[in-house]
Amino acid sequence: MAISDEQIYRQIKMGEKIENKNREWAFSGWALFCDEAAAFSDTFREEMATQLLKKFYLMLGITTEIKIHKVKFRLMVGGTPLKTIYKDGYAFAMVEIINPISLSKAVTAYWKPKNGELSENAVHINVWNSENIEFGWCVDFDKNDYIRYLKPENRLDKKQFDIPFDIEYDFSLYPDLVLTICFNQKVFKNEIEQIENILSEEIKKAYISELTNENQTKESNEDNEIFGMFDFHNDDFTEATQQIIDSFIKIGKSNIGNKINKIVIQ
């Protein structure tokens, strides 16, 4: 479904602090728990977030561990009514998965205690671990809703453009695009601001977020990566995407270019 509160979901996507004072929020990894779900016990929230993330990627055919800052999706629990149903020791609740362009998909998750506790009481008890409770997805989980966001489909030839790094891109989610810059060394505020200046010079009309790590700090993370986003609104697609490519080529020819391994835009 389309997002009803654009600002809240933009904050979620960028990992920013939620500023809606009229709702209760709790966080665990990739998951946000809202209102009644924010009152779930700490261990219930932790296991729900951890197990559903692992099974999310398993459903997409990915068995390797994904670092939390590389997760492109967010789980929202309680943002809309849970409509929880209890049957045969299981609980089934409606949650939302938010994709990289801030659109959400309602899907059913389940939990089942393995220690004799009733599923109806599980959210209020603070004893949970991977051994005594199970979480998972139900039959309405469709991997095709998510798998297309995982990897860009196109690559520019760096030799053709005489730049030192690869550019991978997928504009199918235009006008909302997410940027990842992968460096070959640690970079800090001054270098990041050089890139921001080039982007703002070449890309005339779009909203361009600050480039930061997942902690909203202007330096690369432990993997030497920074992230940002573009919102091109109703701008002409051909013009806008050409501006993106032009800005990346200009970055490649600047003094910061040799510190970059790859830029990914999707």
Which number in (1) surrounded by fewer than 16 Cβ atoms within 10 Å (Cβ to Cβ); (2) under 30 Å from Ser104 (Cα atoms); (3) hydrophobic (A, V, I, L, M, F, W, C); (4) touching an Asp or Glu at 6+ places or on another chain (Cβ under 7 Å) marks the one condition that Phe188 misses?
-> (2)
Quick one: how many residues across the range 209-248 are part of a helix (DSSP H, G or I), surrounded by fewer than 20 Cβ atoms within 10 Å (Cβ to Cβ) and in contact (Cβ under 8 Å) with a residue 60 or more places away in the chain?
-> 3
Condition met for Ile249 (under 23 Å from the mean Cα position of the chain (by Cα), β-branched (Val, Ile, Thr) and more than 17 Å from Phe188 (Cα to Cα)) | no
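Quick one: in the range 131-157, which of the residues that are in a loop (DSSP other than H, G, I, E, B) and hydrophobic (A, V, I, L, M, F, W, C) is surrounded by the most Cβ atoms within 10 Å (Cβ to Cβ)?
The residue in question is Phe141.
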Reported set for the range 49-75 where residues are among the small types (Gly, Ala, Ser) and crowded, with 16+ Cβ neighbours inside 10 Å is Ala49
Matching residues in the range 39-55 - criterion: being under 27 Å from Lys143 (Cβ atoms) and touching a residue at least 40 places away in the same chain (Cβ under 8 Å) = Phe40, Phe44, Glu46, Glu47, Met48, Thr50, Gln51, Leu52, Lys55
Can you find even one residue in the range 71-84 that is touching a Gly at 6+ places or on another chain (Cβ under 7 Å), of a type in the set (S, T, N, Q) and part of a loop (DSSP other than H, G, I, E, B)?
-> no
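Within the range 97-149, which residues are charged (D, E, K, R), under 16 Å from Met59 (Cβ atoms) and in contact with a Ser or Thr (Cβ under 9 Å, 6 or more places away or on another chain)?
So the first thing to find is which residues in the range 97-149 are charged (D, E, K, R), and the list is 105, 112, 114, 117, 120, 131, 134, 140, 142-143, 145, 148.
Still in the list and also under 16 Å from Met59 (Cβ atoms): 105, 134, 140, 142-143, 145, 148.
Across the range 97-149, the qualifying residues are Asp140, Arg148.
So, Ile181, is that one in contact (Cβ under 8 Å) with a residue 12 or more places away in the chain and in contact with a Ser or Thr (Cβ under 7 Å, 6 or more places away or on another chain) or not? Before you say what the answer is, go through the steps one by one.
On the way: in contact (Cβ under 8 Å) with a residue 12 or more places away in the chain: yes; in contact with a Ser or Thr (Cβ under 7 Å, 6 or more places away or on another chain): no.
No; evaluated as a whole, the condition is false for this residue.
Let's see how each residue does on (1) under 23 Å from Tyr149 (Cα atoms); (2) at pLDDT below 90; (3) of a type in the set (D, E, K, R):
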{"position": "Arg10", "(1), (2), (3)": "yes, yes, yes"}
{"position": "Glu19", "(1), (2), (3)": "no, yes, yes"}
{"position": "Phe33", "(1), (2), (3)": "no, no, no"}
{"position": "Glu46", "(1), (2), (3)": "no, no, yes"}
{"position": "Leu53", "(1), (2), (3)": "yes, no, no"}
{"position": "Met59", "(1), (2), (3)": "yes, no, no"}
{"position": "Ile62", "(1), (2), (3)": "yes, yes, no"}
{"position": "Lys72", "(1), (2), (3)": "yes, yes, yes"}
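Can you say whether Asp157 is closer than 19 Å to Asp246 by Cα, over 21 Å from the mean Cα position of the chain (by Cα) and touching a residue at least 60 places away in the same chain (Cβ under 8 Å), as far as the supplied structure shows?
Values: closer than 19 Å to Asp246 by Cα: yes; over 21 Å from the mean Cα position of the chain (by Cα): yes; touching a residue at least 60 places away in the same chain (Cβ under 8 Å): no.
Answer is no for this residue.
Taking the criterion of being assigned to a strand (DSSP E or B), surrounded by 13 or more Cβ atoms within 10 Å (Cβ to Cβ) and either in contact (Cβ under 8 Å) with a residue 40 or more places away in the chain or in the same structural domain as Ser41 (by TED's automatic domain parsing) (or both), would at least one residue in the range 112-130 satisfy it? Walk me through how you get there before you give the answer.
Filtering the range 112-130 down to residues assigned to a strand (DSSP E or B) leaves 112-113.
Now drop any that are not surrounded by 13 or more Cβ atoms within 10 Å (Cβ to Cβ), which leaves 112-113.
Cutting the leftovers down to either in contact (Cβ under 8 Å) with a residue 40 or more places away in the chain or in the same structural domain as Ser41 (by TED's automatic domain parsing) (or both) gives us 112-113.
Checked the range 112-130: at least one residue is assigned to a strand (DSSP E or B), surrounded by 13 or more Cβ atoms within 10 Å (Cβ to Cβ) and either in contact (Cβ under 8 Å) with a residue 40 or more places away in the chain or in the same structural domain as Ser41 (by TED's automatic domain parsing) (or both).
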Would you be able to say whether some residue in the range 165-176 is surrounded by 15 or more Cβ atoms within 10 Å (Cβ to Cβ) and more than 24 Å from Phe237 (Cβ to Cβ)?
-> yes
Given the conditions (1) free of Cβ contacts under 8 Å to residues at least 60 places away in the same chain; (2) assigned to a helix (DSSP H, G or I), and given that Glu65 satisfies all but one, which numbered condition is not satisfied?
-> (2)
From the residues in the range 55-87 that are charged (D, E, K, R) and out of contact with any strand residue (DSSP E or B) (no Cβ under 9 Å at 6 or more places or on another chain), which one is nearest to Glu24 (Cα to Cα)?
-> Lys67
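The values are calculated or read from the model by the stated rules, or taken from the named source; none is laboratory data. Just so we're clear, the structure is a prediction, and the values are computed from it rather than from any experiment. Note: ideal-geometry Cβ built from the backbone for every residue, glycine included; neighbour counts use all protein chains shown.
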